[in-house]
1. List the aspartates and glutamates whose Cα lies under 12 Å from the Cα of Lys193, skipping any in the same chain that are fewer than 8 positions away.
2. What are the GluC sites (Glu not before Pro) within the range 82-149 that DSSP puts in a loop, where the Cβ has at most 12 other Cβ atoms within 10 Å?
3. Expressed as a whole percent, how much of the Cα-Cα distance distribution for the range 419-575 exceeds 20 Å?
4. When we measure straight from the Cα of Lys192, which lysines land under 25 angstrom away, once same-chain ones fewer than 8 places off are left out?
5. How large is log10 of I(q)/I(0) for the range 104-186 at q = 0.23 Å⁻¹ when the intensity is taken from the Debye formula with one equal scatterer per alpha-carbon?
6. Using per-residue counts of other Cβ atoms within 10 Å, averaged over each peptide, order 159-168, 577-586, 258-267 from highest down.
7. Could you work out the helix-only [θ] at 222 nm for the chain, with each DSSP H run of four or more residues adding -39,500 (n - 2.57) and the total divided by the number of residues, to the nearest 500 deg cm²/dmol?
8. Suppose all protein chains stay in the model; what accessible area per residue would a 1.4 Å probe give for the range 669-788, in Å²?
Amino acid sequence: MRDRTLFAEQETADRGGVFVRVAVERGIDRGPEDAALTYRCDPVVGEAGVRVGERVEVPLGRGGTSAGGIVVEVGGRELLGDLAPSRVKPVLRRTGAVLPAGLLGLAAWMAEYYVCPLGMVLTGMMPAAVKAGTGRKTEEIVTRLEMPSGAALTKAQEKLWARVREVEAGEFPLPLKSLAGLVGARGVAGLKKLAGLGALGIEKREGVSAGEPPGFDGVEAGKGERPEPTAGQARVIEGIGGAGGAGDAGGRDGFGVHLLRGVTGSGKTEVYLRLIGRVLGEGGRAIVLVPEIALTPQTSARFTRRFGAAQVAVLHSGLTAAQRHREWRRIAGGEASVVVGARSAVFAPVEDLRLIVVDEEHDTSYKQDRLPRYNARDVAVKRGQLEGAPVVLGSATPSLESWANARAGRYRLWELTERVGGAVLPEVRVVDMKLEHRTRRESDPDDRRLHLLGPTLEREFEASLRGGGQVILLLNRRGFASYVWCRNAACGFVAGCEQCDANLVVHRHDGLPPGGIVRCHHCEAEQRVPVLCPSCGGKVALWGGGTQRAEEELVSKFSSLGVVEGETLLRVDSDTMHSARDYYEALGRFGRGEVRVLIGTQMLAKGLDYPNVRLVGVLDADLSLNIPDFRSSERTFQLVSQVAGRAGRGTHRGLVIVQTYNPGAGAIRHAAAHDFEGFARTELAVRERAGLPPATRMARVVCRDERAERAKEAAGLLAAHLGAGGLVSVRGPMACVVGRVAGQYRYAVEIVGARAGRVQAALAGARREGLLKSDPKTAVDVDPVALM
């Protein structure tokens with residue numbers, strides 16, 4: 001083996017050879033200028049045809065550990081620099097998976113902008129199932145030809161050939177085994193004999209074996225009709241679709257960013273469908289991004305019914321690894337012209353991309369919370385710019401960043417202000433819970449129970465069910481109780497996580513010990529609910545409520561109306577929806593009317609369009625409002641507005657009850673009035689005065705360590721370096737709101753600059769000095785959406 005290796009090295013050196021630069025799928029961060037390693041392609045791995053974007057396996061380190069990577073450059077000796085050819089290690093294997101070359105330019109931008117090793121960006125672009133070849137198989141594909149004249153056939157062959165000729169021409173080419181099934185053959189031997197006579201052509205093709213995606217049956221999603229656009233929709237379609245989609249906000253080729261603000265139920269999806277139809281008619285392809293919780297069978301079915309399942313690839317968390325691999329190959333091979341998926345679908349291997357749609361563009365789930373910490377909305381805009389494709393950002397409640405860009409003329413603004421079909425927006429009634437508690441005490445002074453539903457919501461809930469309607473209730477907090485505390489005021493015990501600076505949340509359901517468990521929502525550690533206080537031995541009590549407690553309350557109060565847990569009432573949160581199939585089945589039952597009431601978290605705020613929903617209740621609008629984050633008002637406005645939009649989509653107007661202890665909060669008042677512009681105007685003025693995004697640009701670095709003093713020291717050194725340049729203002733080091741997670745202490749540094757270029761320059765300088773790198777000890781978050 002040693003002699004063969006030396007021979008290969010000498011042969012490569014003698015004739016120049018093919019060399020490649022490979023971005024390895026490891027956290028090797030040597031800066032954007034030196035982001036790849038050099039290897040050689042020996043004949044044994046097939047040097048001919050190696051191309052940029054191809055995934056290969058290469059030896060790494062002194063031990064030669066095999067690691068995957070993406071080829072970013074192909075050339076000859078010019079790639080070696082000062083290296084001798086004999087010192088360059090060989091590529092071990094070519095995997096056959098290839099990223100489109102256009103994605104490499106996007107990856108290079110992401111690596112620099114989000115301060116992330118190029119190899120880690122590229123590994124996130126290709127699904128793990130594709131790298132592993134999950135479900136890969138070799139299949140024999142048959143094509144029907146003509147029987148050569150003079151061919152000598154047995155009687156059995158004549159009968160078989162007659163049956164083959166009866167198969168519709170459109171069925172070919174098809175797998176050999178499938179043809180055997182169509183003609184009633186017991187095996188494929190007879191068909192292979194016909195191929196030997198020249199009547200059939202058989203070739204081997206590599207494919208992926210995978211079953212059908214789960215959960216897309218049983219959900220009514222319309223009849224595939226093409227409704228005539230309203231006047232407002234037609235204006236938007238022509239405006240974006242005309243002039244190559246560039247509009248006033250256009251750039252090179254067809255690139256331009258269009259912000260579509262349409263009230264809930266205004267028909268934004270129909271606009272997307274019409275624009276995609278135009279793109280397909282011109283031979284182009286499109287990507288549609290949808291938040292994961294909104295990517296329901298109802299949503300995806302609108303695209304598959306309009307364009308046909310063969311043309312649409314749907315990427316969602318319910319796919320098995322083999323199914324994800326198959327869909328990726330369909331996209332890469334050009335079989336699917338429309339890609340509908342969640343965040344990572346922005347990296348779909350689409351050639352000839354002519355349109356990108358980002359639905360619910362404000363949704364924070366587009367931001368990835370692990371390396372690389374990218375925002376799919378912003379990456380979509382950059383990809384559109386690089387590939388000359390228009391980008392449409394749609395929302396009823398746009399992010400303030402997008403709204404500010406539209407107001408500044410960087411994006412083209414389009415608006416749909418009315419619901420389709422003459423439906424009106426629901427009435428939103430804000431209920432002061434302080435007054436609700438007073439009313440309940442006056443009616444029943446002895447009632448000391450915790451009630452998550454106030455008297456007003458209880459009355460409307462009963463009226464809606466008696467009237468034949470359906471109800472959606474939102475409580476954006478899981479579990480049964482928020483915390484466990486000691487009744488002894490002198491003790492002060494509250495059950496907290498040993499590894500995190502957070503309270504433990506009580507959970508109760510079948511399969512758990514009596515009394516339930518307490519669980520940390522950060523590290524998932526759990527234990528039994530204590531019977532007595534571990535500090536003083538006194539009695540403990542539970543306080544606060546989550547979706548489990550709300551579910552229990554609904555059953556106890558409304559069982560006489562047929563509210564039965566698991567039958568007519570379903571809880572929709574991450575504790576009950578363990579898979580996409582669970583979620584889809586729950587929505588299917590609700591769509592068919594089997595379930596009358598849904599109670600859940602923000603999973604219910606988007607993607608649901610059911611005409612019989614007459615009441616929506618927000619049980620605690622203050623949850624998001626009280627988060628110590630400058631975006632809390634914006635999130636509250638968006639959440640209340642979005643869930644309110646689920647009501648009144650049929651013949652009944654719909655009613656929304658918003659329970660709050662702070663009815664004067666601007667976010668709640670504006671949401672109740674369906675007044676996005678008023679909210680945006682007020683909030684943008686606040687951000688401007690405070691020097692916060694979108695008036696400025698921000699990055700956040702969190703330093704982590706098992707010892708608090710080391711985490712603080714690292715953050716302090718970074719803050720001092722970043723502040724010395726004068727390009728940006730620096731806040732910190734400071735302990736994070738959640739100061740410790742999974743045993744790691746956390747200290748943050750916030751970098752704020754007047755423009756993105758200044759923030760980028762400051763981060764790049766620290767990166768060159770080796771003070772800043774994305775690794776297990778340091779999390780770099782550019783354009784953060786949360787500051788916890």
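The values are calculated or read from the model by the stated rules, or taken from the named source; none is laboratory data. Since we're looking at a predicted model, the values are computed, not measured. Methodologically, a virtual Cβ is constructed for each residue, glycine included, from the backbone with ideal geometry; neighbour enumeration extends over all protein chains shown. These accessible areas exclude ligands, DNA and RNA; they are computed on the full protein's heavy atoms, side chains included. Shrake-Rupley method; radii C 1.70, N 1.55, O 1.52, S 1.80 Å.
1. Glu158
2. In loop regions of the range 82-149 (DSSP not H, G, I, E or B), the sparsely surrounded GluC sites (Glu not before Pro) are Glu146.
3. Tail of the P(r) past 20 Å holds 61 percent of the pairs.
4. Lys192 reaches Lys137, Lys155, Lys159, Lys177, Lys204.
5. -1.09
6. 258-267, 577-586, 159-168
7. It lands at -9500 deg cm²/dmol.
8. Working: 5470 Å² over 120 residues.
Heavy-atom SASA per residue in the range 669-788 reads 46 Å².
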